[in-house]
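What follows is a short report on a single structure.
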Amino acid sequence: MGDEVKDVIMAQIRRDVLNNTLSKGIRFDSRKFDEYRPIEVQKGVIKTAEGSAIAKIGQTTVLVAAKFDVVKPFSDRPTQGVMVSNAELLPTASPNFESGPPDEYSIEVARVVDRALRSAECIDLDSFFVETDKVLGLYLDIYVMNHAGNYTDAATLAATAALLNTQVPKVEGGKIIRGEYARPLAPSKLPVTTTMVKIGDNWLVDPTRDEERVLETILTIGTTEEHVCAMQKGKGAITKNELVDAMEIAFKRGDDIRKILRSD
Amino acid sequence: MSDSKGTVPLIVDGKRLDGRGIEDLRNLRIEVGIIPEADGSSYVEWGGNKILCGVYGPRECIPRHDASPYHAIVKCRYMMSPFASLEEHGRSGPSRRSTELSKVIREVFENVVIAEKFPNTQIEIFIDVLQAEGGTRTASITAATVALANAGIPMKDMVGSVAVGKAGDVLVVDLNKAEDNFGQSDMPMAISSRDKKLLLLQMDGLLTKEEIIQMVEMAERGCDKVNVIQTDALKRFYEKGEEESIKW
């Protein structure tokens, strides 16, 4: 994916045009700098999974499905359940995604979502104990189905929504009885992430694909109601003061998104 | 990074389990130019971490389609050796963790390497963790900065790196393994030495905004200390003129 001359020139033109409009306080889609695109969440979309949700932020669409299995616990936490997150940037979803083993971007998004959920302590992994050497493993599979920018926030949103929709399966004799459920998982916190990018002198929330192409710095901040639960800076550099502002925005937008999560 | 709440007392009488105060770094030793075959190299011992770093380039970019006619491509490969910790790490190629770390470490140096000077080339940073004791990514960045300087690669700034975390409800600088594993939060950072920009910023655990601001300030002080040791290591090397055999 080297920079061909035409790519570099196009990126430069895009950056100039974007910067020009941004300097007038306008984004291409006429959003405010700290405004998300329309957000939509649908839970329970996959009947074969114990929990699932599709989150849409603008045209960006991410599916997360939660599946349980009985697994061996980690040796240092013999009574604790296991949570595993995996992300697929489906080649179906964007001309920029290629098929093949997970690349650093899909690994990164899976690990950032995992970090936000785990740090938020929104699910009680101790309740996943089955018997000696057997615990429930919760697999969260993140499928990016259309990438129109900012799949990270859509992935966290879909993951948290999927947890809200997840039923813990009934376990008998150390085996899962498929299709029968013991209880709803009921996450105690609602972690969400807010991604911001810097273009020129401006920080923009929820970047589109066009904005991502010319970003200089990208920062994702995960929040719960009270705490920051994850941070990940990708490309670029950030000052302390910019970080302070970014955290404030992350809490505000995070609370907006949590309202959407709670509303249905 | 940490993934469990504190049950072990990590701070006793204002001192940490290894006797350090809250802002003290573990012993940090940096050696320059220890891989004569490399264009630049370094060896860092930081607490129980032992990190080997070799820098190659600018050299021809392979594969060729990765090359840019405008700037050098910075590449980074961080790898944890299978024998680096008491637990077995496996030998089946890069883990998800090391893939992520390679990416974030590369993104640190893309900010400081003056890549425009070397179009169509690549600059490769290879980092091997020989022994790990918490904080390998920050030790790796510390090592890579010195190795890049040793390779004569022009940089806008030096980069120091340290993690600040929360252990036993106290904010502490430079987490060791116990603090990393049993602490409440971990926030590794890398900071450019002159303009104090955050070039690495990751965080897990639960923290308030105020705590995070305080941790950035603690990291700035920590990175200043790291930077002094980095600069000193480079000076020693160039004053001496040639490498001497080092004690591993």
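Quick rundown of the values:
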read-out: Residues located in region A:76-118, provided they are in a loop (DSSP other than H, G, I, E, B) and either buried (at least 16 other Cβ atoms within 10 Å of the Cβ) or touching an Asp or Glu at 6+ places or on another chain (Cβ under 7 Å) (or both); value: A:79, A:80, A:81, A:90, A:94, A:97, A:102
read-out: Where residue B:87 falls short, out of the listed (1) surrounded by 13 or more Cβ atoms within 10 Å (Cβ to Cβ); (2) under 30 Å from residue A:124 (Cβ atoms); (3) not hydrophobic (A, V, I, L, M, F, W, C); value: (1)
read-out: Those strands (runs of 3 or more DSSP E) lying entirely in region B:114-223 with at least 2 residues modelled with pLDDT of 95 or more and away from chain A (no Cβ under 12 Å); value: B:121-131, B:159-167, B:170-173
read-out: Yes/no for residue A:25 being part of a loop (DSSP other than H, G, I, E, B), over 25 Å from the mean Cα position of the chain (by Cα) and more than 28 Å from residue A:187 (Cα to Cα); value: yes
read-out: Filtered residues of region A:14-30 (kept if of a type in the set (A, V, I, L, M) and closer than 16 Å to residue A:212 by Cβ); value: A:17, A:18, A:22
read-out: Residue that is nearest to the chain's Cα centre (by Cα) [pool: residues in region B:94-138 that are surrounded by 17 or more Cβ atoms within 10 Å (Cβ to Cβ) and among the small types (Gly, Ala, Ser)]; value: B:135
read-out: Where a residue in region B:76-100 is touching a residue at least 40 places away in the same chain (Cβ under 8 Å) and its partner, wherever it lies, is in a loop (DSSP other than H, G, I, E, B), with Cβ under 6 Å and at least six apart; value: B:80/B:89; B:84/B:132; B:85/B:132
read-out: Residue within region A:141-158 that is surrounded by fewer than 16 Cβ atoms within 10 Å (Cβ to Cβ) and touching a strand residue (DSSP E or B) at 6+ places or on another chain (Cβ under 8 Å) present; value: no
read-out: Residue within region B:30-41 that is under 30 Å from residue A:9 (Cα atoms) and either among the hydroxyl-bearing types (Ser, Thr, Tyr) or within 14 Å of another protein chain (Cβ to nearest Cβ) (or both) present; value: no
read-out: Filter result for the condition that a residue is in contact with a strand residue (DSSP E or B) (Cβ under 6 Å, 6 or more places away or on another chain), within 14 Å of chain B (Cβ to nearest Cβ), of a type outside the set (Val, Ile, Thr) and over 18 Å from residue A:152 (Cα atoms), over A:10, A:83; value: A:83
read-out: Within region A:194-220, tally of residues that are within 12 Å of chain B (Cβ to nearest Cβ) and either among the charged types (D, E, K, R) or under 18 Å from residue A:62 (Cβ atoms) (or both); value: 4
read-out: Considering residues of region A:91-136 that are of a type in the set (Ser, Thr, Tyr) and closer than 22 Å to residue A:191 by Cα only, the residue farthest from the chain's Cα centre (by Cα); value: A:127
read-out: Members of region A:237-249 found to be in contact with a helix residue (DSSP H, G or I) (Cβ under 9 Å, 6 or more places away or on another chain), surrounded by 17 or more Cβ atoms within 10 Å (Cβ to Cβ) and either assigned to a strand (DSSP E or B) or more than 7 Å from every other protein chain (Cβ to nearest Cβ) (or both), listed by number; value: A:238
read-out: Strands (runs of 3 or more DSSP E) within region A:123-228 that include 1 or more residues within 19 Å of residue A:247 (Cβ to Cβ); value: A:192-199, A:202-205, A:217-223
read-out: Unique match (being in a strand (DSSP E or B), out of contact with any Pro (no Cβ under 6 Å at 6 or more places or on another chain) and within 21 Å of residue A:118 (Cα to Cα)) among A:41, A:64; value: A:64
read-out: Test: residue in region A:200-216 that is surrounded by 22 or more Cβ atoms within 10 Å (Cβ to Cβ), of a type outside the set (Val, Ile, Thr) and on the phi > 0 side of the Ramachandran plot; value: yes
read-out: Condition check for residue A:219: under 24 Å from residue B:198 (Cα atoms) and more than 14 Å from the chain's Cα centre (by Cα); value: no
read-out: Counted residues, region B:37-75 - those being part of a loop (DSSP other than H, G, I, E, B), in contact (Cβ under 8 Å) with a residue 24 or more places away in the chain and acidic (Asp, Glu); value: 1
read-out: Subset tally (residues that are more than 20 Å from residue A:118 (Cα to Cα) and either touching a helix residue (DSSP H, G or I) at 6+ places or on another chain (Cβ under 6 Å) or of a type in the set (A, V, I, L, M) (or both)) for region A:167-193; value: 4
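The values are calculated or read from the model by the stated rules, or taken from the named source; none is laboratory data. Just so it is clear, the model here is predicted, and its values are computed rather than measured. Using ideal geometry, Cβ is built from the backbone for each residue, glycine included, and neighbour counts are taken over all protein chains shown.
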